[in-house]
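J.: Take this structure, written in structure tokens, and hold onto it; I'll ask about it next.
The values are calculated or read from the model by the stated rules, or taken from the named source; none is laboratory data. All of these numbers come straight from a predicted model, not from anything done at the bench. Glycine also receives a Cβ, built like all others from the backbone with ideal geometry; neighbour counts cover every protein chain displayed. For the accessible areas, the whole protein counts, side chains as well, though only heavy atoms, and no ligand, DNA or RNA atoms are used. Shrake-Rupley method; radii C 1.70, N 1.55, O 1.52, S 1.80 Å.
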Amino acid sequence: QVQLVESGGGLVQPGGSLRLSCTASESIFSFNTMGWYRQAPGKQRDLVAVSTGGGSTDYADSVKGRFTISRDNAKNAVYLQMSSLKPEDTAVYYCNVRRGVFRYWGQGTQVTVSS
């Protein structure tokens, strides 16, 4: 069972920045993809950004140009740098990894964008 531990959420003003971190309990080389999802109250969980083992990345249209996903293989970690945050970015953010047909989730970290 893969354990994922997220950190870095919090309260930030509109226009501000946050960096989310997700550390895995084992080497990330075995994962096909690593990514971030988010879920706002009353809404479904949506993909925010994903990074593949081959180094490609993809983003939801709503965050392109503002968010950047990166990974540190030595630290078994994936990060989400979020800039120019908007109130509509408010959600619980979840780290997700996929290995074959199996998906694993972190516990989630709250991001609140408000003045």
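J.: Considering every residue within region 24-37, establish whether at least one is under 15 Å from Val63 (Cβ atoms) and of a type outside the set (Phe, Trp, Tyr).
T.: Within region 24-37, one or more residues are under 15 Å from Val63 (Cβ atoms) and of a type outside the set (Phe, Trp, Tyr).
J.: On the basis of being of a type in the set (Ser, Thr, Tyr), in contact with a Ser or Thr (Cβ under 9 Å, 6 or more places away or on another chain) and open to solvent by 10 Å² or more (accessible area, probe 1.4 Å), does Ser27 make the cut?
T.: no
J.: Consider only pairs whose beta carbons are under 9 Å apart and that are at least six residues apart or on different chains; among these, list those whose first residue lies in region 2-13 and is closer than 12 Å to Thr109 by Cβ and whose second residue is at pLDDT 95 or above and among the charged types (D, E, K, R).
T.: Gly8/Arg19
J.: Can you list the strands (runs of 3 or more DSSP E) lying wholly within region 38-105 that have 2 or more residues being of a type in the set (Phe, Trp, Tyr)?
T.: Ranges flagged: 91-99, 102-105.
J.: Right, something else. Pick from region 59-85 the residues that are charged (D, E, K, R) and surrounded by 14 or more Cβ atoms within 10 Å (Cβ to Cβ): which of them is farthest from Ser30 (Cα to Cα)?
T.: Here the answer is Arg66.
J.: Just to verify a result, which residue in region 8-18, among those that are surrounded by 14 or more Cβ atoms within 10 Å (Cβ to Cβ) and outside any loop (DSSP other than H, G, I, E, B), is farthest from the chain's Cα centre (by Cα)?
T.: Checking each candidate, the answer is Val12.
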